[in-house]
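Input: a single structure, listed below in structure tokens.
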Amino acid sequence: MAGTWWHTTILAFACLSIVPTFDLSAQDLPLNTGALFLVFPVGARAVGMGQTAMGSEGHADAAFWNPAGLATIETNEFSLHSATLVAGRSHVLGAYFPSRGIGVLGGAVYLVDYGDLDRTDANGNTIARIAPRNFEFLASYATQLAGSFVFGLSYKLVQFRVGPGGPLRVGVALRNVGFKLQVQNKPQADPLPARLGVGAQYLILLPMREGAAPGERFDLLVAADVDSPWGHPGQSELRFGFDVGYQRLVRVRAGYALVQDGLSGPSVGLGLESGSIGVDLARTFLTGSDLIIENPTFFSFRVTF
């Protein structure tokens with residue numbers, strides 16, 4: 001595009017908060033001095049071109065390089081960016097909407113997850129885990145000026161959180177949403193098994209044996225899920241289970257599923273992990289189903305690096 005883009009970005013570090021549960025040494029903190037994550041590259045297009053994006057146009061990732069480029073967006077755009085960095089994983093979810101006579105309005109949510117870090121004592125024993133995260137909430141506006149000039153403006157709300165990886169985790173998921181599956185012809189197309197699910201997990205640290213180090217303790221993870229076919233809340237299904245063990249070394253699991261299609265029944269499992277290698281085994285004891293053989297066995301193997 002001919003002309004020059006004006007790059008005007010306002011950074012607002014409002015609500016900058018650190019919420020530690022305990023004192024953190026320098027080695028525990030991720031590299032985030034001065035909100036350094038704001039200079040991490042966003043978008044595979046720009047990275048694929050050597051991170052040359054100051055003059056990019058027509059795409060929402062311009063908000064992170066030069067918001068003036070947003071003025072050239074012609075249609076509504078939703079975008080998702082994900083990257084694996086040395087510091088951790090980054091995720092961006094954005095939405096931008098052009099309006100004739102007004103310009104382009106939109107925003108994004110940016111998360112950098114540094115992972116769960118172990119907090120150790122002087123003897124190297126794990127006594128707790130912390131979960132550092134960076135959040136950025138971005139609001140942008142761009143418009144066409146006289147001639148070939150465009151103008152863009154972004155407002156960023158940045159937050160850094162450090163806290164314990166809390167004992168309660170709650171999840172909500174809408175799965176298998178899409179167009180009907182056409183096998184023979186359009187009138188006989190079958191809808192996908194869309195389901196809405198809600199679940200929670202709660203971690204309980206069990207009492208330590210006398211004389212044991214703080215990191216030498218067992219824990220119990222209790223979980224429960226409820227889901228139902230989308231649009232049919234009266235057909236809800238319930239699942240619950242637990243996972244008990246010593247850190248990640250040895251885990252023993254059991255649960256029960258109260259579901260449709262003859263897939264109800266108890267299940268048991270075992271998990272073993274040493275270094276970067278992990279193995280999981282599980283077996284279900286079903287009441288009867290035409291979909292799965294009786295009492296199937298499941299096996300999982302993983303290597304981390």
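To one decimal place, what orientation-averaged projected area in nm² is obtained for the convex hull of the Cα set of the range 32-150? Intermediate results must be reported in sequence, preceding the final value.
Numbers: hull surface 35.9 nm².
Average projection, Cα convex hull of the range 32-150: 9.0 nm².
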Fill in the blank from the handout: Residue-ordered couplings for the range 58-70, obtained by feeding phi - 60° into the Karplus form 6.51 cos²θ - 1.76 cosθ + 1.60 and rounding to whole Hz (Gly and Pro as x), are x, 9, 6, 5, 4, 4, 9, 10, 8, x, 4, x, 5
Exercise for the section: Highest first, please rank the peptides 172-178, 245-251, 110-116 by the mean number of other Cβ atoms sitting within 10 Å of their residues. Expected result: 110-116, 245-251, 172-178
Handout entry: Contour minus Cα-Cα distance for Val177 and Thr52 (0.36 nm per residue)
Key = 41.4 nm
Completion exercise
For the Phe218, Leu111 Cβ pair and Förster radius 25 Å, calculated FRET efficiency rounded to 0.05 is 0.20
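Read-outs throughout are calculated quantities, based only on the coordinates presented, and are distinct from any laboratory measurement. Treat the numbers as computed from the prediction; the structure is a model and nothing was measured. With ideal geometry, Cβ positions are generated from the backbone for all residues, glycine too; neighbour counts draw on all protein chains shown.
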